[in-house]
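For reference, the structure is listed below as structure tokens.
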Amino acid sequence: MSTPLIGVLALQGDVREHLIALAAADAVARPVRRAEELAEVDALVIPGGESTTMSKLALNFGVMDPLRERVAAGMPVYGTCAGMIMLADKILDGRDYQETVGGIDMTVRRNAFGRQNESFETAIPFQGLEGEPVNGVFIRAPWVESVGAGVEVLAEVPAADGPDSRIVAVRQGNLLATSFHPELTGDHRVHAYFVRMVEAAAQ
Ligand code: GLN
């Protein structure tokens, strides 16, 4: 079997950092902007950035529906921060025009931590990763407000108010999402975890 090709959705956001992190996790990766480019990849990363802008550009570039079709067909996708918002079936505090790709049965609140804390870093135990907790870098980050029965919670952080903790990483089937940005830390274990998901899906 040939090495799977992983795209990074390059409409807006921290595309380069994901390309570097994927290469460090021994994956072959390239930017994806158009539907034809999406058709060529086996999996996709949706980067951090601004989900409202990303939503508009995905609609303008004609990749929103092709993305939804690929997700429905089982393509592995990893979304960080704005990318997590893009993978949510439901969002809170979005804009009226804002659409998501969807696929993960969860409700995500945009800029949720932003109200308490514009950005912060914290050590987070991550289900399925060996060794040290990951360093979670949060930048005007969303949290997952609720998940459906089929969604596996991979990481949570203690909450400043409300419930005891907030969900910040989830997986449903071939879809993975984190509120935080492992691509900014130099620790490539979450990308390596996704690469293993991609390889398993390609079997
Ligand atoms: N607040 C941004 C949004 O709504 C996400 C921030 C990020 O990706 N770092 O899309």
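The values are calculated or read from the model by the stated rules, or taken from the named source; none is laboratory data. The model shown is predicted, which means the values in this text are computed figures rather than measured ones. Here the Cβ positions follow ideal geometry from the backbone for every residue, glycine too, while neighbour counts run over all protein chains shown. Heavy atoms of the whole protein, side chains included, go into the accessibility calculation; ligands, DNA and RNA do not. Shrake-Rupley method; radii C 1.70, N 1.55, O 1.52, S 1.80 Å.
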Solvent-accessible area per residue, Å², over the stretch 68-203 with all protein chains present [probe radius 1.4 Å]:
44
Ranked from highest to lowest mean number of other Cβ atoms within 10 Å per residue, what is the order of the peptides 189-199, 87-97, 20-30?
189-199, 20-30, 87-97
Ratio Rg/Rh, restricted to the stretch 98-192 and using Cα atoms, in which Rh is the Kirkwood radius
0.93
Dipole size in debye (nearest 20) for the chain around its Cα centre, Lys and Arg Cβ +1, Asp and Glu Cβ -1?
340
In Å, the Kirkwood hydrodynamic radius of the chain over pairs of distinct alpha carbons?
16.5
Note: probe point = Cα of Ala23 + 7 Å toward Cβ; backbone nitrogen < 17 Å; residues of the stretch 33-49 passing the test are 45
Alpha-carbon radius of gyration plus Dmax, which is the widest Cα pair, for the stretch 41-152 in Å
14.3, 42
Can you send over the carbon and sulfur percentage of the accessible area for the stretch 1-89, probe radius 1.4 Å, protein chains only?
49
Under-5 Å amide H pairs with Arg30, H placed in peptide plane, nonlocal only
Ile6, Gly7, Val8
Where does the stretch 57-110 land on the Kirkwood hydrodynamic radius, alpha-carbon pairs, in angstrom?
11.3
Using amide H atoms built 1.01 Å from N in the peptide plane, name the residues 5+ places from Ala112, or on other chains, whose amide H lies under 5 Å from its own.
Trp143
Tell me which residues come under 5 Å, amide H to amide H, from Lys90 once H is placed; ignore anything under 5 positions away on its chain.
Met106, Val108
Calc'd 3J(HN,Hα), the stretch 26-37, phi into Karplus 6.51 cos²θ - 1.76 cosθ + 1.60 (θ = phi - 60°), Hz, glycine/Pro = x, comes to 6, 9, 9, 9, 8, x, 10, 10, 10, 4, 5, 6
Based on Cβ point charges of +1 for Lys and Arg and -1 for Asp and Glu, what charge dipole magnitude is obtained for the stretch 89-203 about its Cα centre, in debye rounded to the nearest 20?
160
Given R₀ = 35 Å, FRET efficiency for Glu40-Ala159 by Cβ-Cβ distance, to 0.05?
0.25
Per-residue ellipticity at 222 nm for the chain, helices alone: DSSP H runs ≥ 4 residues times -39500 (n - 2.57), over residue total, nearest 500 deg cm²/dmol?
-7500 deg cm²/dmol
Expected sort for 130-138, 3-11 on mean C-beta neighbours within 10 Å, highest first, is 3-11, 130-138
